[in-house]
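Everything below concerns the one structure shown next.
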Amino acid sequence: MAEFLSLAQAMEATMRDGDTVAMEGFTHLIPHAAGHEVVRQRRKGLTLIRMTPDIVYDQLIGMGCAEKVVFSWGGNPGVGSLHRFRDAYENGWPNKITIEEHSHAAMANAYEAGAANLPCAILRGYIGADLPKVNPNIRHITCPFTGETLAAVPSIRPDVAVVHAQRADREGNVLIEGILGVQKEAVLAAKRALVTIEEVVDDFGPRSLNAVILPHWTVTAIACVPGGAHPSYAQGYYKRDNAYYKAWDKISRDRDGFLAWMQANVIAGGPQDFAKYARRLSAAAE
Amino acid sequence: MSDYTPSEMMTIAAARALRNEDICFVGIGAPSAACNLARLTHAPGITLIYESGTLATKPRVLPLSIGDGELCDTALTTVSVPEMFRYWLQGGRITVGFLGGAQIDRYANLNTTVVGPYDKPKTRLPGGGGAPEIAISCGEIFIIMKQAPRSFAAKLDFVTSLGHGEGGDHRQRLGVKTKGPTRLVTDLCIFEPDAETKEMTITSIHPGVTRDVIQENTGWPVRYAASVAETTPPTADELAVLRELHARTAAEHGKAA
């Protein structure tokens, strides 16, 4: 049963040191405000799972929250490298991290298998590629019906999934619109789910009969954090802040500059700081 | 038209390879520019699909990321990422996948993972993303890449996605039924696989480019097809549409949200 809490309370209720954490959002609805809360609460030893670790995980890695990263594409989209991710992996700063690397198809399948309560996912994948040589979690299985060899990866079953969505109603049902990524699968695969939202509404109003809704009994905690996906975007609310993505390259390039920025903008800040990015582009549900 | 850059020639030559009836899986960056140029010129009916789940999208400006709102706003429909990879890509619905990469070898295998040893990287690259399965599940693959001696490598440090493997019938021996890379467009020339060996072989040279320059920018001894054409230079219309697209994109992405 979803409980409406402050972001700090929601994080305390759902995430512990050493947890396996999936913060998802495929360029859209990335839970940045929640990421900042992880940093403020100084979680340690996390295994961070995400198809596309970008700024949100660069910040957690640089602040020493992570021990391992499971991913399929790690970069600052359209800009370049993740400097904190690389510094941790290549130089052990602020701590050594290990990686488990997959393809997008494998991770998407693995989330779906987790949501479906299966131990593994199978796909026609990785043929002729080198990743299976460096990732022992990519194995193969023979189809019992056709004899075809298929790739298998363990399903993803996080301790906690963290996602951002447009709206929740007062019961705590959550509506997601636009590019959906793997958020529904991540929430259903996880033991606990924290959802940050743009707004609480009395009624979702007119919507598609097939709207993507997470029923309140699949969500542990909801925190209303308007603007909480910034610098990514929320369809129908605000656009992606491409200038911020470009600026991050410079902010994150050296350790001292990064730490100073995190101190000023995250440690000394709070979820209310995201409100300045919040807006509603359209009145009706899209 | 005489005044165009090698990069514009590359994008335009790549766009021309796409057909109106193609269902195209689009990589971000240079592939995205070529695919949208094709849609805005000779192939208005082309279906563009991005791995963020946007199906039949018609972006007005080029996306900076694979999941910009513009892609969703202008799509016929948007599906989840698992559905995209399972039903649409693995399901065999895509006729052509359009990829770029950091390194390529003579058999058009691609590396976007790491330069140097995997555990002790000289340069850690973003990783494969969708490419490993795009490379095997799309009907055929077009690749667009600027040519340079280090990126056109005699040997890859890591094979992120399969091209023609070790050449010949290697794909079939691995159980892959799709064609793999059928065209590699660079800022200097166009390569296509040799019918037998599958080595990427030059079939067309862009205007003003010499064979010496091509060799200087390739890490293996390049081979030429029996007959080598000169690439048709960009038309006034192709250039105008491409430049307008880039201008709209720059104006859009310069703006803060």
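Side notes on the structure shown:
- Helices (runs of 4 or more DSSP H) fully within region A:176-286 counting 2 or more residues that are within 14 Å of chain B (Cβ to nearest Cβ), within 16 Å of the chain's Cα centre (by Cα) and at pLDDT 95 or above: A:183-189
- Residue count for region A:128-154 under the criterion of being away from chain B (no Cβ under 12 Å), part of a loop (DSSP other than H, G, I, E, B) and of a type in the set (Gly, Ala, Ser): the result is 0.
- Out of A:Ile176, A:Ile138, sole residue that is farther than 20 Å from A:Ile213 by Cα and either touching a strand residue (DSSP E or B) at 6+ places or on another chain (Cβ under 6 Å) or touching a residue at least 24 places away in the same chain (Cβ under 8 Å) (or both): A:Ile138
- Within region B:154-257, helices (runs of 4 or more DSSP H) holding 2 or more residues that are closer than 14 Å to B:Ala13 by Cβ, aliphatic (A, V, I, L, M) and more than 14 Å from every other protein chain (Cβ to nearest Cβ): B:236-254
- Unmet criterion (only one of (1) free of Cβ contacts under 8 Å to residues at least 24 places away in the same chain; (2) out of contact with any Pro (no Cβ under 6 Å at 6 or more places or on another chain)) for A:Gly75: (2)
- Any hit, region B:246-255, residues being free of Cβ contacts under 8 Å to residues at least 24 places away in the same chain, surrounded by fewer than 19 Cβ atoms within 10 Å (Cβ to Cβ), on the phi < 0 side of the Ramachandran plot and not small (Gly, Ala, Ser): yes
- Flag if A:Arg86 is under 25 Å from A:Tyr244 (Cα atoms) and surrounded by 24 or more Cβ atoms within 10 Å (Cβ to Cβ): no
- Where helices (runs of 4 or more DSSP H) sit wholly within region A:6-125, those with at least 1 residues that are away from every other protein chain (no Cβ under 14 Å) and of a type in the set (D, E, K, R) occupy A:7-14, A:32-40.
- Checking A:Leu194, A:Leu209, A:Leu188, A:Leu214 one by one, the residue that is without any contact (Cβ under 8 Å) to a residue 40 or more places away in the chain and either under 19 Å from B:Gly69 (Cα atoms) or aliphatic (A, V, I, L, M) (or both) is A:Leu209 and no other.
Every residue, every condition in (1) assigned by TED's automatic domain parsing to the domain that holds A:Ile30; (2) touching a residue at least 12 places away in the same chain (Cβ under 8 Å); (3) under 30 Å from A:Asn91 (Cα atoms), yes or no:
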residue: A:Pro226; (1), (2), (3): yes, yes, no
residue: A:Gln235; (1), (2), (3): yes, yes, no
residue: A:Ala260; (1), (2), (3): yes, no, yes
residue: A:Gln272; (1), (2), (3): yes, no, no
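- Within region B:102-121, residues that are free of Cβ contacts under 8 Å to residues at least 24 places away in the same chain have Cβ atoms under 7 Å from residues that are surrounded by fewer than 23 Cβ atoms within 10 Å (Cβ to Cβ) in these pairs: B:Pro121/A:Glu90; B:Pro121/B:Val115, counting only partners at least 6 apart in sequence or on another chain.
- Subset of region A:16-62 that is over 26 Å from B:Thr113 (Cβ atoms) and surrounded by 23 or more Cβ atoms within 10 Å (Cβ to Cβ) - its residue that is nearest to the chain's Cα centre (by Cα): A:Pro31
- Among the residues of region B:43-76, those that are surrounded by fewer than 24 Cβ atoms within 10 Å (Cβ to Cβ) and of a type in the set (Asp, Glu) comprise B:Glu70, B:Asp73.
The values are calculated or read from the model by the stated rules, or taken from the named source; none is laboratory data. Note that the coordinates shown come from a computational prediction; the quantities given were computed from them, not determined experimentally. Neighbour counts run over all protein chains shown; Cβ positions are idealised from the backbone, glycine included.
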